[in-house]
Amino acid sequence: MQDSILREPLYVQPGHLLRRAQQISASIFHDELGLLATPIQYAVLCVLLTHPGIDQVSLAGLAAIDTSTAASVATRLEEKGLLTRRVDPANRRQRILELTAAGRALLAEANDAIERLHRRIFEKFSADEEAVFMDLLQKLVDVNNHQSRAPLVPAPRMGRREASQPD
């Protein structure tokens, strides 16, 4: 009997459900922000908002993307006038990245769309269900970060004042 080949049906396998959830999230992101940025571009801009003046390698770690993707996204965002890249005087092989006024404006403009995206994703969840889901999703990501092809590399710990007052 063919059904006994699979230990569990495709539609209850965690990997399949996570892939589907990512598809849904990306589709809603495109609906809400497609004219402004891609999900990776948005992530890069968010990282630069909170970590101005970082290099492309650090950006890759903080956005949990590979370094070649970080470099190509940074180039595209520079071409759009949303960030600047300049040679690091301390290491001429590295580029220092900063948001431009246009990049900051795009992030400000995206706030309402991000809120709509959030509401659409969780529209059928109670507040308690959303909180539990987000806690468990965060745990899933945290405990499996080391298995990623591009793991999140957290920023160095900051003092309490700096951590509580983002740029």
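Quick one: which residues, 5+ away or cross-chain, put their amide H under 5 Å from the amide H of Q94? H built at 1.01 Å from N.
Correct list: D88.
For region 55-73 and region 3-51, compute the distance between their C-alpha centroids and round to whole Å.
Cα centres, region 55-73 to region 3-51: 19 Å.
Kindly give Rg over Rh for region 2-156, based on alpha-carbon atoms, with the Kirkwood expression for the hydrodynamic radius.
Values: Rg = 18.2 Å, Rh = 17.6 Å.
Rg/Rh for region 2-156 comes to 1.04.
For the residue pair T100 and R76, what label-to-label distance in nm results when each label sits 7 Å from Cα along the Cα-to-beta-carbon direction?
Going by the 7 Å Cα→Cβ label model, 1.7 nm.
How would E109, E79 line up from fewest to most surrounding beta-carbon atoms within 10 angstrom? Mind dumping the intermediate values first?
Values: E109 12, E79 9.
In order of increasing Cβ crowding within 10 Å: E79, E109.
If you wrap a convex hull around the alpha carbons of region 19-90, what volume per residue comes out, as a whole number of Å³?
Details: hull volume 6.8 nm³, N = 72.
Per-residue hull volume (Cα only) is 95 Å³.
Within the chain, what is the longest stretch that has no trypsin sites (Lys or Arg not before Pro) placed in a DSSP loop and near at most 12 other beta-carbon atoms within 10 Å?
On the way: sites that count: R7, K124, R149, R157.
Longest run free of exposed loop sites: 8-123.
By counting other Cβ atoms within 10 Å of each Cβ, how are H16, H51 ranked from fewest to most? Show your work: numbers first, answer last.
Working: H16 13, H51 16.
Exposure proxy ranking, most exposed first: H16, H51.
Can you put E78, E32 in order of Cβ neighbours within 10 angstrom, beginning with the fewest? Show your work: numbers first, answer last.
Numbers: E78 16, E32 19.
Final ranking by Cβ density, sparse to dense: E78, E32.
If I take every Cα pair under 8 Å that is 6 or more residues apart in region 1-87, average their sequence separation and divide by the length, what percent do I get for the relative contact order? Kindly include the intermediate steps, with their values, before the conclusion.
Details: 37 pairs, mean separation 14.1, N = 87.
Averaging sequence separation for qualifying contacts and normalising by length gives 16 percent for region 1-87.
We did not get these values from a lab; they are worked out from the coordinates using the rules stated. Keep in mind that what you see is a predicted model, and the values were worked out from it rather than measured. With ideal geometry, Cβ positions are generated from the backbone for all residues, glycine too; neighbour counts draw on all protein chains shown.
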